[in-house]
There are 2 protein chains.
Amino acid sequence: MKKLINSPETVLTDALTGFAAAHPELAVDIPNRVIARAVRPERPKVALISGGGSGHEPLHAGFVGPGMLDAACPGEVFTSPVPDQMLTAAQAVHSGAGVVLIVKNYTGDVMNFQLAAELAVEEGIEVRTVLVNDDVAVEDSTWTAGRRGTGATVMVEKIAGALAERGAALDEVAAVAQRVNAASRSFAIALTAATVPAAGKPGFDLPEDEIEVGVGIHGEPGRRRERLRPANELAAEVVDTILADHDLAAGDEVIALVNGLGGTPLLELYVVYGEVQARLAERGIRIARNLVGNYVTSLDMAGFSLTLTKADAELLELWDAPVATTALTWS
Amino acid sequence: MKKLINSPETVLTDALTGFAAAHPELAVDIPNRVIARAVRPERPKVALISGGGSGHEPLHAGFVGPGMLDAACPGEVFTSPVPDQMLTAAQAVHSGAGVVLIVKNYTGDVMNFQLAAELAVEEGIEVRTVLVNDDVAVEDSTWTAGRRGTGATVMVEKIAGALAERGAALDEVAAVAQRVNAASRSFAIALTAATVPAAGKPGFDLPEDEIEVGVGIHGEPGRRRERLRPANELAAEVVDTILADHDLAAGDEVIALVNGLGGTPLLELYVVYGEVQARLAERGIRIARNLVGNYVTSLDMAGFSLTLTKADAELLELWDAPVATTALTWS
């Protein structure tokens, strides 16, 4: 295993130490593993908290800041954060208007966020939980009952974050988050497996000429293995797979995320984006907004995922609202 | 070779097609391979043009936009762009105030930009050329006489871009670019080799437990090979190597770039950043501004580079000026 770490045991603490040093606009509680905005809101607002296993950076810490999350709770690599950590985050950032927990659908995350929600309610904090489950690849998987939560998390956190920033009420913020998740579908293809530091070797064996179609962000198995094909064929299959599960029709607009899984050069992601855009155009679907880059990664895994969120005027307007995080910034 | 491409022959055209589709705020001339701002300046300003081989994305196309470059010329992967291409870029973006060409020090780039400068002068366009040669690893290398140009390109393009945006004169913009280059030093360590699509295999062989110390962004050999060590030891060596070549002293401030070479997860880059910051603090040097992420890559190479630019009030003020490109944005 070749990694820029001090030891597998300290990788999360060491990364948080570096993150804190690099971003003084964020308050990083290293012992409790909570990343929050350093500046509290001037008036009460709904607080958005997310979290999950580390190794998917910039998700979630990279999305903490004005216009998006209030706090993030990173677990160990590919391991759920714990309820106490989430409770600490809720205590740190709630300002009387309630808390929305954004949870990717993995069994450990769901269970721990549920416990955290109960603890927060006991402390008088009103809580809504929104589950993200956008991956159409498989119905159940290694760590999931139901569909996995992947790329749509970016859209949910951005759009719900924008609405919270405007002072919307708790149920409104939770409702738009649920609406974005329901309007989103994702599908991923891996060219290589990720290596978890504590494991020291790739999470699965993939022959030199094979790809994993429908892979999960922890390397969970997808639908099948097959030979590597040209980017235009892979992009077309991914688009078609998503459309087969989505209510998109000619004339619709989408927000599209062509997401690198960590080890794929940006040059290749733009090749994929061009093919995705062309395939959608053939179907009469227009990409109204896009992101191309590494947003929801799987450590050093090569490959990509596509997320399509059906857009309407309200969602686009919230998408366009200013955001200032380390991974997503516009004004 | 596992890559998300249609073919090695079309990878640049296909990536430019995707880039153009993703970023309508940029004018992408695919046949001539020029990426420029779609909106021309309202009054004459010095135009900044850079370019070089592809495979280092987001460099340079990702740095085109208000506050940074006016145009970028991408060559084939790890291959210099050609003089006609650079001339087309100069013709497209010059507005009467002259053009600064920012050239990384590689023999092909230097020769082709020199020819382009002569062609532009023949057309009545005033030109200054600024060479970037910040890599302290080796004096000469596979494709270079003198030091290689690497991470400092980001600082040069950002700071000179800010000054050009304010309406400074041609010689002033060229002078600040040269000053930033002179104030910058870089050093890189590779954990793996990059695979160029047309080659189909890694550019060099690196045993499973070895690293290349002082590697170039095309995989050019560095100073030596050695066993992989913990991140704190590698970061300390990189810092010390740069300081041995730099006039930095206790009390100085720097702009620091901890740059991923393409295949290294962000989690690891933050581990490295923490160690770099600590080592510099021991020497009494403060990081005034930082970037942590993939900015000057070598396709899928795992590893990192560190660039330190000695900062003063003028350079920091220009660094902080607004920028709106696909890879670097703040307001």
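Accessible area ranking (1.4 Å probe, heavy atoms, ligands and nucleic acids excluded), largest first, for B:R166, B:R43, A:R179: B:R43, B:R166, A:R179.
Nearest-5 percent of antiparallel DSSP beta bridges in the protein assembly as shown? Roughly 55 percent of the beta bridges in the protein assembly as shown run antiparallel, per DSSP. Heavy-atom surface analysis with a 1.4 Å probe gives the protein assembly as shown a carbon and sulfur content of 52 percent of its accessible area. Entry note: the stretch B:184-316 has Rg to Rh equal to 0.99, where both radii use alpha-carbon atoms and Rh is the Kirkwood radius.
Any of A:K2/A:K158; B:K2/B:K104; B:K3/B:K201; A:K3/A:K104; A:K158/B:K3 with alpha carbons more than 22 Å apart? Name them for me. Distance filter (> 22 Å) returns A:K2/A:K158; B:K2/B:K104; A:K3/A:K104; A:K158/B:K3. Taking the label point 7 Å along Cα→Cβ, A:P44 and its counterparts in the other copies are spaced 6.0 nm apart, in ascending order. The convex hull defined by the C-alpha atoms of the stretch A:130-258 has an orientation-averaged projected area of 9.9 nm². Counting Cα-Cα pairs of chain B in 10 Å increments starting at 0 gives whole-percent bin shares of 6, 28, 36, 23, 7, 0. From the alpha carbon centroid of the stretch A:1-22 to that of the stretch B:126-201 is 29 Å. For the stretch B:184-316, the Cβ-based charge dipole about the Cα centre amounts to some 100 debye (Lys, Arg positive; Asp, Glu negative; other atoms uncharged).
Taken over the C-alpha atoms, the stretch B:26-94 has Rg and Dmax values of 11.1, 35 angstrom. Interface burial in the stretch B:185-218, defined as at least 50 Å² less accessible area with all protein chains than with the chain alone at a 1.4 Å probe, covers B:L191, B:E208. Contact-buried residues of the stretch B:55-97, at a threshold of 40 Å² lost accessible area versus the chain by itself: B:E57 (1.4 Å probe; DNA, RNA and ligands ignored). By the Kirkwood approach, averaging reciprocal distances over each pair of separate Cα atoms, the stretch A:67-147 gets a hydrodynamic radius of 13.3 Å. With all protein chains in place and ligands, DNA and RNA left out, the 1.4 Å accessible area ranks B:K104, B:K310 as B:K310, B:K104, largest first. Take every pair of alpha-carbon atoms less than 8 Å apart whose residues are at least six positions apart; their mean separation over the length of chain B yields a relative contact order of 18 percent.
Sorted from closest to farthest, the other copies place their B:S7 label points 5.3 nm away, with each point set 7 Å from Cα along Cα→Cβ. One quarter of the convex hull surface built on the alpha carbon atoms of the stretch B:220-292 amounts to 5.4 nm², the projected area averaged over directions. Think of a 1.4 Å ball rolled over the protein heavy atoms: chain A then has 34 Å² of accessible area per residue. Chain A and chain B together bury an accessible surface of about 4200 square angstrom, both sides counted, with a 1.4 Å probe and no ligands or nucleic acids included. Taking every residue in A:253-261 and counting other chain Cβ atoms within 10 Å of its Cβ, the average works out to 1. Across the options A:L119, A:A174, A:A199, the greatest Cα extent toward the positive end of the charge dipole of the stretch A:113-211 (unit charges at beta carbon of Lys, Arg, Asp, Glu) belongs to A:A174. Distance between the 7 Å Cα→Cβ label points at B:W330 and A:D140: 4.9 nm. Using a 7 Å projection from Cα along Cα-to-Cβ, the label point at B:D245 is separated from the same position in the remaining copies by 4.9 nm, smallest value first. Computed from label points 7 Å out along Cα-Cβ, the spacing between A:V39 and A:E208 is 5.4 nm. Note on chain A: GNM, Cα springs under 10 Å; of A:I285, A:I35, A:I102, the largest mean-square fluctuation is that of A:I285. Accessible surface of A:T107, taken over heavy atoms with a 1.4 Å probe and every protein chain present, rounds to 80 Å². Restricting attention to chain B, close to 55% of DSSP beta bridges with both partner residues there are antiparallel. May I ask you to list the aspartates and glutamates whose Cα is less than 18 Å away from that of A:K310, ignoring any residue fewer than eight positions away on the same chain? Candidates past the 8-residue exclusion: A:D134, A:D135, A:E157, A:D240, A:D245, A:D247, A:D252, A:E253, A:E282, A:D320. Here the peptides A:7-15, B:13-21, B:225-233 are ranked by packing, the mean other Cβ count within 10 Å, and the order with the highest first is B:13-21, A:7-15, B:225-233. Secondary-structure-derived ellipticity at 222 nm for chain A, considering helices only, amounts to -10000 deg cm²/dmol, per-run term -39500 (n - 2.57) for DSSP H runs with n ≥ 4.
The listed residues B:F63, B:F204, once ranked by accessible area (1.4 Å probe) with the largest placed first, stand as B:F204, B:F63. Rounded to whole Å, the principal axis extents of the Cα atoms in the protein assembly as shown read 72, 57, 51, largest first.
The values are calculated or read from the model by the stated rules, or taken from the named source; none is laboratory data. Bear in mind the structure is a predicted one, so any value in this text is a computation, not a measurement. Here the Cβ is made from the backbone with ideal geometry for all residues, glycine too, and neighbour counts use every protein chain on show. With ligands, DNA and RNA removed, areas are computed over all heavy atoms of the protein, side chains included. Shrake-Rupley method; radii C 1.70, N 1.55, O 1.52, S 1.80 Å.
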